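A.B. asks: Before I ask anything, let me first share the structure, which is written out below as structure tokens.
The values are calculated or read from the model by the stated rules, or taken from the named source; none is laboratory data. Given the structure is predicted, the values throughout are model-derived calculations rather than measurements. No Cβ is skipped: glycine too gets one built from the backbone with ideal geometry, and neighbour counts run over all protein chains shown. With ligands, DNA and RNA removed, areas are computed over all heavy atoms of the protein, side chains included. Shrake-Rupley method; radii C 1.70, N 1.55, O 1.52, S 1.80 Å.
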Amino acid sequence: MKMVHYSMLLLLLLVSTSLMGQTKKQKKEKKFVQKNEAYKATKKLIDSGNYLFDAQTTNSPSINQGVISLESRKNSVIVKEEVVELNLPYFGVASSYGYGYNNSNPGISFKGIPAEYNVKHIDKKRRSVIKINVTSSMERHDITLTVNYRRKTEVKVISSSRQSVSFSGYIMPLTINSNN
């Protein structure tokens, strides 16, 4: 009697899970649609020209410790309309600074209209690449932001007088609190 009871329960369980479960093809299609929707939203954010990159970690070739967490500091790239504001730390070796260099802010700082600002969307890979070139009185920075559909962002900064440095984090819409 118990054996019949267990077999019926097992049969009922198998039938119910097969009816309720999705096929692999349906799951794959659902995931594809979700990724495309997320990518469209990310493209819309980038194309708006109003977003904030929040740096969470940095990695410099000259750092023996590897990745450094930046979550306790304010580190960002802000793009608001046509103005770019950089506030990023720098951990590395600087080759030279010109006459009158002020060492009070050894990070990467800039606020103004960039010399170049280009966006390229790679739809097949659901990725966007943003290239920003800025020139301050002391040096030139070539900044490349590579953004995936989930807004995970890798930033590489190449400077005219420092070793390159990279940052990881996310881009997000500007809010009242994120404006400097």
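A.B. asks: Can we say GLU82 is at pLDDT below 85, open to solvent by 40 Å² or more (accessible area, probe 1.4 Å) and among the acidic types (Asp, Glu)? Even if it seems obvious, please write down each step before you answer.
C.D. replies: Working: at pLDDT below 85: no; open to solvent by 40 Å² or more (accessible area, probe 1.4 Å): yes; among the acidic types (Asp, Glu): yes.
Here the answer is no, as GLU82 does not meet what is asked.
A.B. asks: Among the residues of the stretch 49-62, which ones are under 11 Å from ILE171 (Cβ atoms) and open to solvent by 10 Å² or more (accessible area, probe 1.4 Å)?
C.D. replies: Of the stretch 49-62, the ones under 11 Å from ILE171 (Cβ atoms) are 50-55.
Result: ASN50, LEU52, ASP54.
A.B. asks: Looking at the stretch 119-144 only, could you name the residues that are at pLDDT 90 or above, more than 15 Å from VAL157 (Cα to Cα) and of a type outside the set (A, V, I, L, M, F, W, C)?
C.D. replies: Listed by number, the residues that qualify are LYS120, HIS121, ASP123, LYS124, LYS125, ARG126, ARG127, SER128.
A.B. asks: Let me ask you something else. Looking at SER96, is it at pLDDT below 65, in a helix (DSSP H, G or I) and more than 30 Å from ASP123 (Cβ to Cβ)?
C.D. replies: Details: at pLDDT below 65: yes; in a helix (DSSP H, G or I): no; more than 30 Å from ASP123 (Cβ to Cβ): yes.
It is false that SER96 is at pLDDT below 65, in a helix (DSSP H, G or I) and more than 30 Å from ASP123 (Cβ to Cβ).
A.B. asks: How about the stretch 105-137: which of its residues are outside any strand (DSSP E or B), open to solvent by 50 Å² or more (accessible area, probe 1.4 Å) and touching a Ser or Thr at 6+ places or on another chain (Cβ under 9 Å)?
C.D. replies: So in the stretch 105-137, the residues outside any strand (DSSP E or B) come out as 105-107, 113-115, 123-126, 136-137.
Narrowing further to those that are open to solvent by 50 Å² or more (accessible area, probe 1.4 Å): 105-106, 113, 115, 123-125, 137.
Result: ALA115, single match.
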